[in-house]
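Note sheet for the following structure.
The values are calculated or read from the model by the stated rules, or taken from the named source; none is laboratory data. Here the structure is a predicted model, which means the values were calculated and not measured. When we count neighbours, we look across all protein chains shown, and the Cβ atoms used for this are built from the backbone with ideal geometry, even at glycine. These area figures cover heavy atoms from the full protein model, side chains too; ligands, DNA and RNA do not enter into them. Shrake-Rupley method; radii C 1.70, N 1.55, O 1.52, S 1.80 Å.
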Amino acid sequence: MYQILSFFRSNVVGSAKVIRFYSSSFKPKRKTQQTKMPLDPKHIAEAQKQRLKLKQKVIKASPGIVNLQIVGSGAPGAPASVYLFSDQTRYLFNCGEGTQRLAYEHKTKLSCLENIFMTRTCWERIGGLPGICLTMQDVGVPNVTLHGPPGLDELFKAMRRFVILKDMKVEAAECKAEDVFDDHVMSLKYVAIHREPESSSNSDEEDQVDDTTVDDTDYYAYEKRSKPAPKSKLSAFQQDWTKRHEESVMAYICKLKLRFGQLSLEKCVDRGVTPGPLLGQLKNGNDVTLPNGTVVKSSDVRGPDDPGPVFIFIDIPSEEYFRDLDDKNEAFAPYQSTATEESNQAMYVLHFSPLEVMQKPEYRKFMDRFSASTRHIALNEINSFSGYIASHRIQYHLNQLDGGIFPLLKEQNNDYVNQDGRIQDIDVVKSSSLSYLHVRPKKGIDRTQEAALNPSEYLQELEILPEFKLALDQLHQKLVLRKPQQQLMARSEKYPRVVFLGTGSSIPNKTRNVSAILVHTGPHSSILLDCGEGTAGQIIRLYGQERAESVFRSLKAIYISHLHADHHLGLFGLLQTKRKLLGANNEKILLIAPEQISYWLRLYDCRFEPVHKDYVLVKNAELVDEPLRDERIQDLGVTEIATCRVRHCPHSFGVALSMNSSQKGETGEPVKITYSGDTMPCQNLIDLGRDSTILIHEATMEDELEVEARVKMHSTLSQAIEQGKKMNAKYTLLTHFSQRYAKIPRIESELETNLGIAFDNMEVTLDDLPQLSLFYPALKAMFISHFEEMEQKAIKRGNKRMRLEGGSGSNSKETSPTR
């Protein structure tokens, strides 16, 4: 009996340990943020080998724990995306802009993700694919398959210049209505729902100009030791320019595989089963014959089987799809209230459909066909919180320094108590990031880990910092003495105002999004400098949904410095958000960008969805010799826009904006704002920005990493500061920090009086500039643990460098440093 118990525990109960391990890995852990840098190729290859080994060890049996985790709730400014995970495999449903950032913040591991299912091919659903695939490549995922409507295969071919996936293969599955995706976890049925054909010719089908610049540029050639690939190889892909816009969407009906009931040790003993392989066969559903000829049926020694719950994903963008949705109901009927077996009634239906669509009678008719036990989960604007907790946490911290420069973000937690008038007649469930929908075992909806704002907790975190209170008091005393009386004027009446929406480089992390700077030039005009992924969401969270509409209305121009992904992948999302909010009042925006962007713009316009009516392109190169001064900028609130070429990847530019300051409508002194984009120290930029009022300069690396900065053609902190001195800039603001410096860059000395460090969601007026250097001591005290961690890393780098230098000499042992 003891031997049987021991065997049973190791072979049956042991699997539960694995399940608990994987399940707990998805729970948020409180610890100091460790920003993960991209791996180099040899580490990626090693990670892929380890990944394949682990995959081969996994028992291909139906998993015992399967959960749906809400990654993005579809709240204003946030993506709508769902992560299906088991103890063996992961699946992602939809991947809008910001999905990678949410996955990173909430520790959603991507190393086992191999299939991504898209309900649509619009940017709202696919805009986060480049970022999340780059991250998956870094953690060693060898390949990923995209599922969804036609066209997904073209996305990465179109972006191959600026999204480099040489260590991961991306494929698009052919999803036909009769096909079924099938693996050891679930069977998934594709249901294509088509839009009604338009009765008249589409005015959007305007012919595009044929002189689109073919982009054969290798934007990362400077980081490679080998020569760039020949143009013949880069140009091998022939683009189809035939118009093809979204005509269908994809729904997914998912059913978990049958899982046999738990093996009963007592029943096995009663029937004479001895320790050995027979127990494993019974556990896996096979009948066995004992040595004495007795047949033991698996069903007699196991608990009830789990036939496999059903859950459905659906995304109906407009009323034009209602007719085919009704026609295709036969595909859904086996899982609605008419199901022949109760186990086939859908447990969850997850709705990516917009709220205005869900409110229509035709859609409610579709929902009413399901059983009363089916839970309908809404992933749209009915939810109010984006899930970006870290952005709020750091903003509450910074807000203690100065409420004007660091305003609180304008979003709230979901209200689960009071009835929402928008859904009072619809039985739907709100959700937020880290809402868990338990599929197996059936435990319902779990909100214990749900992302929610807790301002009192954030403020208490500051109280336990040993030196922060003193540093804060000293800062406030200095600010009272330094701030002139005229600063009592409302900030909203001062122009220009510079708002940093993204201050990180390469990929977003929890506290720093990628590059974007909004310059308010007047009451009804603004210009955006760069537009990294998630920029539209940053605007909505900072200003709130109502005020964001006026911000988008004021936006007259977008400047793109160069075509690295972290500087322009938010463009389509911003254009579409602007169009959606302003409707018929939406006006074309002036897009000032490298001419090579036209290839990407035209391709997306032809093959995915129309955007050509949203912008007018002005080529950066044209403004090098002839600055923009004509009628095209009369509504921008600036007098001149000039550019120069800078030292980064091909077709990289810096820009200078000239304007007049104003307060309460009264014109003041001339102001010049120069923005470096990405560059290493550059004389062209010094000449362009001569005598600037504000220089906004990238400071990607700390000074000890000058060699790495040179290789990647970026600037160090000291180099950026020196650039400001050489051009005689009155003030220099540092931005575009490496994600090594998630919270604060490492500067060994005190800031000079004309320097400032940029943070996301930071607003700066001309009156604020003299005070910015005063903030650094309080910032160091606020982020003391992060700062000390960077100091320790710097010491280790120094020790390593000294060992290497000592090893190259004759007295290596004597010169080797001690820690």
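Identify all residues within region 679-692 that are open to solvent by 20 Å² or more (accessible area, probe 1.4 Å) and touching a residue at least 40 places away in the same chain (Cβ under 8 Å); write none if there are none.
Pro681, Asn684, Asp687, Leu688
In region 640-678, what count of residues is obtained for those that are open to solvent by 40 Å² or more (accessible area, probe 1.4 Å) and either out of contact with any strand residue (DSSP E or B) (no Cβ under 8 Å at 6 or more places or on another chain) or assigned to a loop (DSSP other than H, G, I, E, B) (or both)?
Total satisfying the criteria: 6.
For residues that are part of a helix (DSSP H, G or I) and touching a Pro at 6+ places or on another chain (Cβ under 9 Å), scanning just region 336-368, find the one that is surrounded by the most Cβ atoms within 10 Å (Cβ to Cβ).
Looking only at region 336-368, we keep the residues that are part of a helix (DSSP H, G or I), and these are 342-344, 355-358, 361-368.
Next cut, touching a Pro at 6+ places or on another chain (Cβ under 9 Å) only: 343-344, 357.
Values: Ser343: 14, Asn344: 17, Val357: 19.
Among residues in region 336-368 that are part of a helix (DSSP H, G or I) and touching a Pro at 6+ places or on another chain (Cβ under 9 Å), the one surrounded by the most Cβ atoms within 10 Å (Cβ to Cβ) is Val357.
For region 697-751, enumerate the residues that are open to solvent by 10 Å² or more (accessible area, probe 1.4 Å), of a type in the set (Val, Ile, Thr) and part of a loop (DSSP other than H, G, I, E, B).
Ile747
Step by step: first the residues of region 99-122, then only those that are surrounded by 24 or more Cβ atoms within 10 Å (Cβ to Cβ) and touching an Asp or Glu at 6+ places or on another chain (Cβ under 7 Å), then the one that is modelled with the lowest pLDDT. Which residue is that?
That would be Thr121.
Just give me the residues in region 769-786 being farther than 13 Å from Leu472 by Cα and touching a helix residue (DSSP H, G or I) at 6+ places or on another chain (Cβ under 6 Å), in sequence order.
Gln771
For region 501-538, name all the residues that are in contact with an Asp or Glu (Cβ under 8 Å, 6 or more places away or on another chain), within 14 Å of Ile696 (Cα to Cα) and either surrounded by fewer than 24 Cβ atoms within 10 Å (Cβ to Cβ) or among the aliphatic types (A, V, I, L, M) (or both).
Within region 501-538, Leu501, Ala516, Ile517 qualify.
Residues to consider are Ser384, Ser391, Ser433, Ser373; find the one that is open to solvent by less than 40 Å² (accessible area, probe 1.4 Å) and part of a loop (DSSP other than H, G, I, E, B).
On the way: Ser384 fails: open to solvent by less than 40 Å² (accessible area, probe 1.4 Å); Ser391 fails: part of a loop (DSSP other than H, G, I, E, B); Ser373 fails: open to solvent by less than 40 Å² (accessible area, probe 1.4 Å).
Ser433 is the lone residue from the list that is open to solvent by less than 40 Å² (accessible area, probe 1.4 Å) and part of a loop (DSSP other than H, G, I, E, B).
Could you run through region 148-172 and say how many residues are closer than 22 Å to Pro594 by Cβ, open to solvent by 60 Å² or more (accessible area, probe 1.4 Å) and either in contact with a strand residue (DSSP E or B) (Cβ under 6 Å, 6 or more places away or on another chain) or without any contact (Cβ under 8 Å) to a residue 24 or more places away in the chain (or both)?
So the count comes out to 0.
Need pairs with beta-carbon distance below 7 Å; first residue touching a residue at least 40 places away in the same chain (Cβ under 8 Å) and within region 595-619, second assigned to a strand (DSSP E or B); sequence gap 6+ or separate chains.
Going by the 7 Å Cβ cut-off, the qualifying pairs are Glu595/Lys619; Ser598/Leu617; Tyr615/Ile589; Tyr615/Leu591.
Kindly evaluate Glu546 against the criterion of being acidic (Asp, Glu), at pLDDT below 95 and either open to solvent by 10 Å² or more (accessible area, probe 1.4 Å) or closer than 20 Å to Leu129 by Cα (or both). I'd like the intermediate steps shown before the answer.
Numbers: acidic (Asp, Glu): yes; at pLDDT below 95: yes; either open to solvent by 10 Å² or more (accessible area, probe 1.4 Å) or closer than 20 Å to Leu129 by Cα (or both): yes.
For Glu546, the condition - acidic (Asp, Glu), at pLDDT below 95 and either open to solvent by 10 Å² or more (accessible area, probe 1.4 Å) or closer than 20 Å to Leu129 by Cα (or both) - is met.
Look at Pro275 and say whether it is at pLDDT below 90, open to solvent by less than 60 Å² (accessible area, probe 1.4 Å) and part of a loop (DSSP other than H, G, I, E, B). Walk me through it before giving the result.
Working: at pLDDT below 90: yes; open to solvent by less than 60 Å² (accessible area, probe 1.4 Å): yes; part of a loop (DSSP other than H, G, I, E, B): yes.
The answer is yes for Pro275.
I'd like to verify a number: residues in region 250-272 that are open to solvent by less than 10 Å² (accessible area, probe 1.4 Å) and either of a type in the set (Asp, Glu) or in contact with a Ser or Thr (Cβ under 6 Å, 6 or more places away or on another chain) (or both), how many?
Looking only at that region, the number is 1.
Mind listing whichever residues of region 173-184 are open to solvent by less than 60 Å² (accessible area, probe 1.4 Å) and either part of a strand (DSSP E or B) or among the charged types (D, E, K, R) (or both)?
Asp179, Phe181, Asp183
What are the pairs, 6+ residues apart or on separate chains, where a residue within region 319-337 that is modelled with pLDDT of 95 or more has its Cβ under 8 Å from a residue that is among the acidic types (Asp, Glu) and in a loop (DSSP other than H, G, I, E, B)?
Glu320/Glu196; Tyr321/Glu196; Arg323/Glu196; Asp324/Glu196
Pull up region 293-307, narrow it to residues that are under 23 Å from Lys442 (Cα atoms) and among the small types (Gly, Ala, Ser), then point me to the one that is surrounded by the most Cβ atoms within 10 Å (Cβ to Cβ). Don't jump to the end; show me each part of the working.
Of the residues in region 293-307, the ones under 23 Å from Lys442 (Cα atoms) are 299, 301-307.
Checking which are among the small types (Gly, Ala, Ser) leaves us with 299, 303.
Details: Ser299: 14, Gly303: 12.
In this case the residue turns out to be Ser299.
Residue pairs, Cβ under 8 Å, 6 or more apart or interchain, first in region 120-131 and of a type in the set (Gly, Ala, Ser), second assigned to a helix (DSSP H, G or I). List them.
Gly127/Phe572; Gly127/Gly573; Gly128/Thr99; Gly128/Gln100; Gly131/Thr99; Gly131/Gln100; Gly131/Arg101; Gly131/Ala565
Pairs needed: first member in region 254-273, in contact (Cβ under 8 Å) with a residue 24 or more places away in the chain; second member anywhere, of a type in the set (Phe, Trp, Tyr); C-beta distance under 6 Å; at least 6 residues apart or different chains.
Cys254/Phe311; Leu265/Phe8
Pull up region 123-147, narrow it to residues that are among the aliphatic types (A, V, I, L, M) and surrounded by 21 or more Cβ atoms within 10 Å (Cβ to Cβ), then point me to the one that is nearest to Lys510 (Cα to Cα). Explain how you work it out, then say what you get.
Keep residues of region 123-147 that are among the aliphatic types (A, V, I, L, M), which gives 126, 129, 132, 134, 136, 139, 141, 144, 146.
Keeping just the survivors that are surrounded by 21 or more Cβ atoms within 10 Å (Cβ to Cβ) gives 126, 129, 132, 136, 141, 144, 146.
Values: Ile126: 21, Leu129: 18, Ile132: 14, Met136: 17, Val141: 22, Val144: 25, Leu146: 26 Å.
Applying the filter and picking the extreme gives Ile132.
Answer yes or no: is there a residue in region 414-429 that is among the small types (Gly, Ala, Ser), on the phi < 0 side of the Ramachandran plot and either open to solvent by 60 Å² or more (accessible area, probe 1.4 Å) or at pLDDT below 95 (or both). Steps first, answer last, please.
Within region 414-429, the subset among the small types (Gly, Ala, Ser) is 421.
Going one step further and asking which of them are on the phi < 0 side of the Ramachandran plot, we end up with 421.
With either open to solvent by 60 Å² or more (accessible area, probe 1.4 Å) or at pLDDT below 95 (or both) added as a condition, the list becomes 421.
Yes: region 414-429 contains one or more residues that are among the small types (Gly, Ala, Ser), on the phi < 0 side of the Ramachandran plot and either open to solvent by 60 Å² or more (accessible area, probe 1.4 Å) or at pLDDT below 95 (or both).
Working carefully through the options Leu636, Leu574, Leu623, find the one that is assigned to a helix (DSSP H, G or I), over 26 Å from the mean Cα position of the chain (by Cα) and either buried (at least 20 other Cβ atoms within 10 Å of the Cβ) or among the charged types (D, E, K, R) (or both). Steps first, please.
Values: Leu636 fails: assigned to a helix (DSSP H, G or I); Leu574 fails: over 26 Å from the mean Cα position of the chain (by Cα).
The unique qualifying residue is Leu623.
What pairs come up if the first residue lies in region 68-86 and is farther than 14 Å from Tyr436 by Cβ and open to solvent by 10 Å² or more (accessible area, probe 1.4 Å), the second is at pLDDT 95 or above and assigned to a strand (DSSP E or B), and their beta carbons are under 9 Å apart, counting only those six or more places apart or on different chains?
Here the result reads Gly74/Ala80; Gly74/Ser81; Gly74/Ala378; Ala78/Gly72, each pair linking region 68-86 to a residue that is at pLDDT 95 or above and assigned to a strand (DSSP E or B).
Count, please, the residues in region 579-604 that happen to be touching a Phe, Trp or Tyr at 6+ places or on another chain (Cβ under 8 Å), among the charged types (D, E, K, R) and closer than 26 Å to Ala642 by Cβ.
Looking only at that region, the number is 1.
Look through Ser550, Ser492, Ser526 and report the one residue that is over 22 Å from the mean Cα position of the chain (by Cα) and in a strand (DSSP E or B). Working first, answer last.
Details: Ser550 fails: in a strand (DSSP E or B); Ser492 fails: in a strand (DSSP E or B).
Only one candidate passes the filter, namely Ser526.
Only residues that are open to solvent by 20 Å² or more (accessible area, probe 1.4 Å) and in a loop (DSSP other than H, G, I, E, B): list them for region 597-620, please.
Listed by number, the residues that qualify are Glu609, Pro610.
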